[in-house]
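The values are calculated or read from the model by the stated rules, or taken from the named source; none is laboratory data. Everything numeric in this text was worked out from a predicted model, so none of it was measured. FYI the Cβ positions are ideal-geometry reconstructions off the backbone, even for glycines, and counts take in every protein chain you see. With ligands, DNA and RNA removed, areas are computed over all heavy atoms of the protein, side chains included. Shrake-Rupley method; radii C 1.70, N 1.55, O 1.52, S 1.80 Å.
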Amino acid sequence: MSVRLKLTGTSLAAGLLGLAIAAPSFAAEDLKQVMERRGLTEKNILAAAKTYTPTGGRDEFLAFSSGGQSGHVLVYGIPSMRILKYIGVFTPEPWQGYGFDDESKAVLAQGRIMGKDITFGDTHHPALSETKGDSDGRYLFINDKANPRLAVIDLHDFETKQIVVNPLFRSEHGGAFVTQDTDYIMEATQYAAPYGDEFVPLEEFNEKYRGGLTYWRFNNEKGRIEPENSFTFELPPYSQDLSDAGKGPSDGWGFTNSFCTERYVGGTMRGRPPFEAGCSAKDTDFLHVTNWKKAAELVAAGKIGKEVNGMKLISMEEAIANDLLFLIPEPKSPHGVDVTPDGKMLVISGKLDSHAWVYSFDKIMKAIADKKFEGKDPYGISIIPIKEVLHTSVEVGLGPLHSQFDSKKCVVYTSIYVDSMVTKWDYCEGKVLDQLPVHYNIGHLMTMEGDTVSPQGKYLVALNKLAIDRFNPVGPLHPQNHQLIDISGDKMELLYDMPVPLGEPHYVTAIRADKLKPAVRYKSGWNSRTDTKSEWKTRAGREKIVRDGNRVHVYGTVIRSHITPEIIEVTEGDNVSIHLTNLERAQDETHGFAMYGQNVQLSIEPGKTASASFVADKAGVYPYYCTEFCSALHLEMQGYLLVQPKGYKASGVEAVAGTTYTEADYNKQVETNIATQDVINSVVGFITARNFKDFPPVVALVEDATDQLGFADEAKAKSEAAAGKKDWNNAMLWANQWWQYQVKTADMGLRAKTYLEEHGAVEVKK
Ligand code: RUQ
Ligand code: CUA
């Protein structure tokens with residue numbers, strides 16, 4: 001479309017009339033021929049029909065996947081498996097300007113460790129916010145295993161707003177897991193370490209190294225974690241692993257498993273057998289059961305918890321004395337613990353056991369009430385015997401890891417790592433229902449809202465660690481393989497393989513798409529990272545460059561197709577901040593801003609204000625431009641930063657443009673503009689003759705077109721004023737600018753017209 005618009009009013013009109021172009025004809029293949037040519041079976045075609053999403057179609061669910069080592073989150077649709085977005089979280093993400101604009105640099109800076117920028121993240125477990133145990137589509141949380149951090153993403157704009165660093169831990173794995181009303185987010189250590197930066201020799205492992213479990217307080221109104229209202233359970237130096245929070249009857253309690261309760265420290269080069277041998281020697285490890293609700297009350301009342309590194313730490317003695325912490329043995333080398341949708345049972349799997357075990361929450365409470373303990377661990381924590389709490393155990397396959405639930409009652413799916421399969425089983429009756437091979441070595445699996453109180457069934461995604469032979473080879477580092485599985489029938493059916501080439505995505509969580517209500521634009525002049533009006537907000541016509549000593553602030557704007565200011569002059573050594581506000585109101589009219597040699601790349605979505613700060617430490621010429629193909633004249637959306645040497649004096653000679661224009665040029669341009677106006681009028685006629693007000697996207701386009709036409713009128717007036725003075729050069733240039741605005745108007749108008757045609761708008765009587 002834009003190419004055609006760049007031509008003249010006449011070709012614009014041809015486009016509008018939809019003149020057919022004669023094309024050579026080939027006999028179209030029918031379905032059978034295509035199947036034969038591509039070697040597809042009927043089963044393949046059925047699977048394709050279940051995932052194929054025609055153009056403009058929407059997905060029923062959105063999945064938020066950890067981006068593994070990339071430190072990002074990926075968003076994709078289900079069942080189409082089309083990737084929609086990468087959200088920068090712990091790592092810079094250039095397209096979004098994340099880590100390049102001042103606003104997002106401030107977010108990343110929250111994640112510094114010991115004063116160092118950490119520019120990767122080992123993201124593992126995304127968690128969606130919940131209300132009464134149900135996904136509510138407001139926030140997403142994700143953890144970083146390598147550097148114990150937790151991030152908050154607001155689903156109103158899919159941007160990262162906050163990163164908190166755990167001040168006690170040196171690694172973590174079991175986060176993020178939310179309590180049923182998102183009051184707290186659980187984060188547990190993985191590898192025990194001393195709390196704090198000091199050196200402690202490994203000989204003091206049992207006494208001075210510690211695990212832990214933090215309950216981060218989340219302020220649901222502000223959408224931010226409150227470290228000052230959070231607390232941490234001191235735990236033995238076992239390797240705590242995944243957690244899950246109770247819900248319904250078990251709300252108020254949290255469950256965290258662990259491995260290496262042997263507290264073994266390897267050291268092959270010191271003549272000791274490796275970690276892997278010593279950490280899997282015992283037949284059982286421990287599930288930690290924590291009463292967070294009572295703990296929160298006692299901490300708030302100042303009865304327990306002392307501040308360590310700015311975090312309230314509940315010592316093991318305090319937890320034991322107040323009945324806040326218990327242990328239950330669980331099968332060898334446990335990994336996932338998953339609370340059933342009704343909150344009554346826990347499904348636990350051990351990587352080195354072929355069974356999944358189901359514990360009853362009621363029975364756990366009863367054992368605690370009756371003090372049915374089989375002893376204490378070396379730190380004095382009471383151990384509840386398995387036999388007191390076991391509901392059932394089922395042989396599901398070798399290496400069960402994680403479980404997710406179906407909308408069908410009592411149905412659960414467990415990932416089986418060693419056997420590379422998914423086992424569907426009944427946790428009430430304790431029997432296997434179905435098994436499906438996956439490719440290969442599945443880690444997590446995920447069903448739609450399958451960790452909430454109301455799983456949606458329908459689909460399951462297997463997150464396979466190895467792809468091996470599934471895709472075209474791309475060198476020794478293979479993509480990960482997410483496999484979509486239809487779980488609507490009695491038998492699981494494999495539908496689709498999706499390569500994930502970004503990092504190892506440990507976990508994914510999905511939500512019904514209709515629960516999300518993302519914005520299409522920001523309020524004008526918005527700092528999207530703090531979600532407040534930006535102090536650098538700039539309105540059209542108010543652009544300015546403010547200098548205070550060697551501090552230069554540029555208050556600028558961007559709109560199709562120019563950056564204001566187009567020339568910025570500073571002096572060598574100046575501290576420069578360029579603040580740009582996107583004046584667009586139209587959907588998807590993002591502008592970028594990149595500059596030579598300064599590591600500047602902004603993404604300025606409609607309404608956003610973003611800032612780039614740098615020291616102009618070298619004299620020179622620095623072109624800048626918009627990095628989004630935003631309009632026909634996108635390439636012309638450009639400017640220059642001129643860094644003048646100290647003491648530079650301008651020559652005083654006025655610059656001469658390469659081309660000058662005559663009265664004839666002016667008249668020719670005006671003629672084109674009049675023809676273009678006819679086209680615009682015909683489009684406007686088409687739109688207004690129809691019920692366009694019934695289509696909100698069209699209303700937005702019409703608003704934007706009206707804006708552009710207003711700008712066209714201003715340029716037209718300037719052009720006519722110059723013509724009145726016989727200043728043909730300026731008359732021609734402003735006439736051309738008038739035409740540029742007309743083209744943008746027509747562009748919007750045509751988009752609206754197409755939309756109306758495609759969505760069955762009807763003519764209205766005037
Ligand atoms: S993990 S594959 Cu959640 Cu890091 Cu189990
Ligand atoms: Cu704005 Cu290209």
| query | In the set 643, 615, which member is more than 26 Å from residue 754 (Cα to Cα), modelled with pLDDT of 95 or more, in contact with a Lys or Arg (Cβ under 7 Å, 6 or more places away or on another chain) and away from ligand 1 (no atom under 16 Å from the Cβ)? | reply | 643
| task | Identify, from the list 330, 388, 374, the residue that is within 24 Å of residue 235 (Cβ to Cβ), more than 16 Å from ligand 1 (Cβ to nearest atom) and not in a loop (DSSP other than H, G, I, E, B). | result | 388
| Looking at the range 408-463, what strands (runs of 3 or more DSSP E) fall wholly within it and have at least 2 residues that are open to solvent by 30 Å² or more (accessible area, probe 1.4 Å)? | 431-437
| task | Might you check whether a residue that is closer than 29 Å to residue 449 by Cα and open to solvent by less than 10 Å² (accessible area, probe 1.4 Å) occurs anywhere in the range 293-314? | result | yes
| request: Output the residues belonging to the range 606-627 that are within 13 Å of ligand 2 (Cβ to nearest atom) and either β-branched (Val, Ile, Thr) or open to solvent by 40 Å² or more (accessible area, probe 1.4 Å) (or both). | output: 625, 627
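One line per residue, one yes/no per condition, for (1) assigned by TED's automatic domain parsing to the domain that holds residue 318; (2) of a type in the set (Ser, Thr, Tyr); (3) in contact with a Phe, Trp or Tyr (Cβ under 7 Å, 6 or more places away or on another chain):
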| residue | (1), (2), (3) |
| --- | --- |
| 374 | yes, no, no |
| 382 | yes, yes, yes |
| 385 | yes, no, no |
| 389 | yes, no, yes |
| 393 | yes, yes, yes |
| Is the range 579-599 home to any residue that is more than 11 Å from ligand 2 (Cβ to nearest atom), among the aromatic types (Phe, Trp, Tyr) and under 33 Å from the mean Cα position of the chain (by Cα)? | yes
| message | Take the conditions open to solvent by 30 Å² or more (accessible area, probe 1.4 Å) and more than 16 Å from ligand 2 (Cβ to nearest atom) and apply them to residue 528. Does it pass? | response | no
| query | residue 491 is checked against (1) over 30 Å from residue 122 (Cα atoms); (2) in contact (Cβ under 8 Å) with a residue 40 or more places away in the chain; (3) not assigned by TED's automatic domain parsing to the domain that holds residue 435 and fails just one. What number does that condition carry? | reply | (3)
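Would you check if there is a residue in the range 664-686 being open to solvent by 20 Å² or more (accessible area, probe 1.4 Å), basic (Lys, Arg), free of Cβ contacts under 8 Å to residues at least 60 places away in the same chain and not assigned by TED's automatic domain parsing to the domain that holds residue 584?
Yes, some residue in the range 664-686 is open to solvent by 20 Å² or more (accessible area, probe 1.4 Å), basic (Lys, Arg), free of Cβ contacts under 8 Å to residues at least 60 places away in the same chain and not assigned by TED's automatic domain parsing to the domain that holds residue 584.
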| remark: Per the filter on the range 531-542, residues away from ligand 2 (no atom under 16 Å from the Cβ) and surrounded by fewer than 18 Cβ atoms within 10 Å (Cβ to Cβ) are 531, 532, 533, 535, 539, 541, 542
| field | Selection count where residues are out of contact with any Leu (no Cβ under 9 Å at 6 or more places or on another chain) and either within 14 Å of ligand 1 (Cβ to nearest atom) or assigned to a loop (DSSP other than H, G, I, E, B) (or both), scope the range 398-407 | value | 2
| said: Any residue that is in the same structural domain as residue 560 (by TED's automatic domain parsing), touching a Pro at 6+ places or on another chain (Cβ under 7 Å), modelled with pLDDT under 95 and under 20 Å from residue 537 (Cα atoms) - is there at least one of those in the range 588-600? | reply: yes
| remark: Among the residues of the range 102-156, the number that are hydroxyl-bearing (Ser, Thr, Tyr), in contact with an Asp or Glu (Cβ under 8 Å, 6 or more places away or on another chain) and open to solvent by 40 Å² or more (accessible area, probe 1.4 Å) is 1
| field | Residues that are modelled with pLDDT under 95 and surrounded by fewer than 21 Cβ atoms within 10 Å (Cβ to Cβ), drawn from the range 551-563 | value | 561, 562
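Here is a yes/no grid of residues against (1) touching an Asp or Glu at 6+ places or on another chain (Cβ under 9 Å); (2) assigned to a helix (DSSP H, G or I); (3) not acidic (Asp, Glu):
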site	(1), (2), (3)
653	no, no, yes
673	no, yes, yes
684	no, yes, yes
703	no, yes, no
708	yes, yes, yes
719	no, yes, yes
| Taking the stated definitions as given, is residue 700 assigned by TED's automatic domain parsing to the domain that holds residue 737, modelled with pLDDT under 90, of a type in the set (Gly, Ala, Ser) and farther than 20 Å from residue 717 by Cβ? | yes
| said: I want to confirm something. Restricting to the range 687-706 and keeping residues that are of a type in the set (D, E, K, R) and open to solvent by less than 50 Å² (accessible area, probe 1.4 Å), which single residue is farthest from the chain's Cα centre (by Cα)? | reply: 690
| said: Give all pairs with beta carbons closer than 6 Å in which a residue from the range 435-464 that is farther than 14 Å from residue 485 by Cβ meets a residue that is of a type in the set (Phe, Trp, Tyr); count only pairs at least 6 apart in sequence or on separate chains. | reply: 441/417; 455/405
